[in-house]
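No lab work stands behind these numbers, since they all come straight from the coordinates. What you are looking at is a predicted structure, and each value in this text was computed from that prediction instead of being measured. Counting neighbours? That spans all protein chains shown, and the Cβs are built from the backbone with ideal geometry, glycine included.
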Amino acid sequence: MVTRTSRREFLVTAWRWGFAAVGVAGVWTSWELLRPLLGDAGTKVRGVAPQLVPTEGVLEVAAARGYLTKVGDEVVALSWRCPHLGCKVPFCESSGQFECPCHGSVFNRVGEYRAGPSPRGMDRYAYEISDGIVVLDTGSVSLGAAPGSETINEPVRGPSCLDETES
Ligand code: FES
């Protein structure tokens, strides 16, 4: 009798710990998924002087979770969050385009849609030039352009970084 009660209590306790562990894992996973979406919204982040923003590549501004690049003299400030499901989209130096490692969306150097499941191009931050520095406003985001917009004429430079990750 005593043994049966103890076993029942043990099983109930084990189940409770099991559910608690699953709950903690769920919260942890949700946080990891949502964190890129939440970003540092609302903060203003100082980047670099406009003349230091590259015209043939991108400059990562980690504190803003984004990138700076240029079209002619115009600075473009991009969010690194993929419009598909929120993964960080890295810039692939060999291909000269952004390539999302999660599901393969591809964007040109200024974040315009080229391929994959993303519904649009990469979102853009507003920015201002303050004391000679580009200041990104992560609280002011405009949605990326619809597929079909390609304002720069930059062909793919070379091998995709996605090919490397698959092999
Ligand atoms: S999150 Fe980037 S393609 Fe799905």
Under the Debye formula (equal points on every Cα, no solvent term), log10 I(q)/I(0) of segment 43-167 at q = 0.09, 0.11, 0.14, 0.17 Å⁻¹: -0.22, -0.33, -0.54, -0.80
Quickly work out the residue 149-to-residue 7 label distance, labels modelled 7 Å from Cα along the C-beta direction, and quote it in nm with one decimal. 6.7 nm
Highest-fluctuation residue, 120, 157, 16 considered, GNM on the chain with Cα pairs under 10 Å: 16
In a Gaussian network model over the chain where Cα atoms closer than 10 Å are linked, find which of 116, 72, 42 has the largest mean-square fluctuation. 72
With a Förster radius of 25 Å, plug the Cβ-Cβ distance of residue 128 and residue 88 into 1/(1 + (r/R0)^6) and report the FRET value to the nearest 0.05. 0.50
Rounded to the nearest 500 deg cm²/dmol, what is the calculated helix-only ellipticity per residue at 222 nm for the chain, with -39500 (n - 2.57) per DSSP H run of length n ≥ 4? -9000 deg cm²/dmol
Segment 91-163: which GluC sites (Glu not before Pro) are DSSP loop and have at most 13 other beta-carbon atoms within 10 angstrom? 93
Placing +1 on the Cβ of each Lys and Arg and -1 on the Cβ of each Asp and Glu in segment 44-166, which of 97, 66, 140 has its Cα farthest towards the positive end of the resulting dipole? 140
Mean-square fluctuation maximum in Gaussian network of the chain, Cα pairs under 10 Å, restricted to 110, 22, 75, hits 22
Can you give the local net charge around residue 91? Use residues other than it whose beta-carbon is closer than 9 angstrom to its beta-carbon, Lys and Arg +1, Asp and Glu -1. -2
Once the Cα atoms of helix 2-38 and of the chain are each reduced to a long axis, what angle between those two axes, in degrees from 0 to 90 to the nearest 10, is obtained? 10 degrees
Note down the magnitude of the dipole of the chain about its Cα centre, charges +1 on Lys and Arg C-beta and -1 on Asp and Glu C-beta and zero elsewhere, to the nearest 20 debye. 1140 debye
